[in-house]
Amino acid sequence: MLDYKKLTTEQVNPATTDIDLGSSEEIVRLINDEDRKVADAVRLCLPQIAKAVDAIVDGIRQGGHLYYIGAGTSGRLGVLDASECPPTYSTDPSLVVGIIAGGDTALRNAVEGAEDNAEMGKAEMTSRKVGPHDVVVGITASGSARYVYGALEQARADGAVTVALCSTDPAALSEQADISILPITGPEAIMGSTRMKSGTAQKMVLNMLSTAAMVRLGKTYHNLMVDLSPSNIKLEDRSVRIVMQATGAERAEAEAALKTGGNPKNAIVMLLTGKGCEEVKAALESCDGLVRRAIEQLGGKA
């Protein structure tokens with residue numbers, strides 16, 4: 001039986017024991033003082049985060065997928081990060097998938113007991129046919145959610161690369177993980193409220209995993225999101241401005257290139273090389289979608 005009181009996430013924070021006596025400004029200052037510790041905790045995990053990114057990139061290049069699985073706040077954060085990939089990087093919705101214990105209902109309402117069911121976690125992996133080339137990131141602040149443990153256990157048995165993202169060290173979930181990312185953010189401002197510092201650390205790490213993987217996969221040129229899906233007025237305007245920024249073209253020229261090329265990536269390579277759309281598409285395909293490499297291959301200056 002796990003002794004929860006020994007978990008960092010369940011301990012009392014001595015810096016905030018009198019938070020209930022504070023004014024509104026004093027309360028938020030105490031919370032902010034704790035939040036400032038999160039980035040440093042994540043920084044200590046950068047080697048492990050980079051290792052996970054390498055695994056994600058290798059897996060996706062071989063036809064695999066990235067799965068986030070968690071319960072409660074951890075599950076919601078995974079679903080959030082996954083849901084942002086299609087509009088930001090034009091990925092297929094099946095490429096990065098967020099799974100939460102209790103299903104979509106749990107995104108808004110607590111589903112009691114769902115996180116304690118290891119068999120449900122295993123069944124989730126089996127139903128999705130998770131296997132070699134897939135990467136599964138299990139997210140649980142305490143490192144002890146049975147649903148997540150079961151999911152990683154099944155995924156690992158089926159050949160997937162497994163990653164534990166927890167706020168405790170040691171974490172039980174690490175037993176089923178090839179890579180453990182353990183940002184230790186310390187006791188929460190409110191004891192056990194892991195939606196706070198722990199959740200912030202998880203959000204930062206998930207941002208790094210998906211963003212760094214997409215950069216490695218050629219979804220950016222410099223720091224511009226050249227594979228975005230212009231699904232609303234704001235993103236349509238952003239697409240035009242991205243092409244203008246990358247090429248120095250005037251707005252009308254950028255709009256015309258986008259109309260012909262269909263997306264910022266094609267438009268940028270067309271404008272920087274003077275090549276036609278089909279030749280540009282072929283070059284990008286042969287260069288794994290990497291804009292700089294395609295430009296150089298076509299004789300342009302990246």
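The magnitude of the dipole of the stretch 225-288, with charges of +1 and -1 set on the Cβ of Lys/Arg and Asp/Glu and taken from the Cα centre, is near 180 debye. The angle separating the long axis of helix 146-157 from the principal Cα axis of greatest extent in the chain is about 50 degrees.
When the Cα convex hull of the stretch 211-301 is projected onto planes of every orientation, the mean area is 5.3 nm².
In the stretch 105-232, what percent of the accessible surface is made up of carbon and sulfur (1.4 Å probe, ligands and nucleic acids excluded)?
Ligands and nucleic acids excluded, carbon and sulfur give 49 percent.
Taking the centroid of alpha carbons for each part, the stretch 238-254 and the stretch 38-88 are 31 Å apart. For the stretch 123-282, a/c is not less than 1.5, where a ≥ b ≥ c are the root eigenvalues of the C-alpha gyration tensor, and a/b tops b/c. That puts it in the prolate class.
Please give me the summed charge of the neighbours of Val28: other residues whose Cβ is under 13 Å from its Cβ, Lys and Arg +1, Asp and Glu -1. It would help to have the intermediate numbers written out before the result.
Details: positive: Arg29, Arg36; negative: Glu25, Glu26, Asp33, Glu34, Asp35.
So the surrounding residues net to -3.
Let me make sure I get this right: for the stretch 87-131, a, b and c are the square roots of the gyration tensor eigenvalues over alpha carbons, sorted descending. Under 1.5 in a/c it's rounded, otherwise prolate if a/b > b/c, else oblate. Which is it? Judged from the Cα gyration tensor, the stretch 87-131 comes out oblate (a/c at least 1.5, b/c at or above a/b). Surface analysis of the chain yields an accessible area of 49 Å² per residue, using protein heavy atoms and a 1.4 Å probe. Axis of helix 197-216 versus longest Cα principal axis of the chain: the two differ by about 20°, to the nearest ten degrees.
From the alpha carbon gyration tensor of the stretch 196-264, can you work out the equivalent ellipsoid semi-axes (sqrt of 5 times each eigenvalue) and give them in Å, largest to smallest? Can you show the working numbers first?
Numbers: eigenvalues 173, 32, 19 Å².
Taking √(5λ) for each eigenvalue gives 29, 13, 10 Å, largest first.
Mind jotting down the distance between the C-alpha centroids of the stretch 138-171 and the stretch 173-192, whole Å? After rounding, the separation between the Cα centres reads 11 Å. What shape does the stretch 28-138 take by its C-alpha gyration tensor, where a ≥ b ≥ c are the square roots of the eigenvalues and a/c under 1.5 counts as rounded, a/b above b/c as prolate, and the rest as oblate? Taking the square roots of the gyration eigenvalues as a ≥ b ≥ c, the stretch 28-138 is oblate. Counting only GluC sites (Glu not before Pro) that DSSP places in a loop and that have at most 14 other Cβ atoms within 10 Å, the longest clean stretch of the chain runs over 113-249. For the stretch 86-91, putting each phi into the Karplus relation 6.51 cos²θ - 1.76 cosθ + 1.60 with θ = phi - 60° gives couplings of x, x, 7, 10, 6, 7 Hz, in residue order, rounded to whole numbers and with x for Gly and Pro. Only one residue of Ile60, Gly70, Pro14 has its Cα farthest out toward the positive end of the dipole of the chain, where Lys and Arg carry +1 and Asp and Glu -1 on Cβ, and that residue is Ile60. For the chain, the residue among Ile181, Ala82, Thr260 whose Cα projects farthest onto the positive side of the dipole built from Cβ charges is Thr260. Gain on full extension, evaluated as 0.36 nm per residue between Asp58 and Arg251 minus their Cα-Cα distance, stands at 65.7 nm. Helix 233-247 and the longest principal axis of the C-alpha atoms of the chain enclose an angle of approximately 60°.
The values are calculated or read from the model by the stated rules, or taken from the named source; none is laboratory data. The shown structure was predicted, so the numbers you read here are calculated from the model rather than taken from an experiment. Cβ: placed from backbone, ideal geometry, glycine included. Neighbour counts: every protein chain shown. Each accessible area value is taken on the protein alone, full model and side chains, heavy atoms only, with ligands, DNA and RNA left out. Shrake-Rupley method; radii C 1.70, N 1.55, O 1.52, S 1.80 Å.
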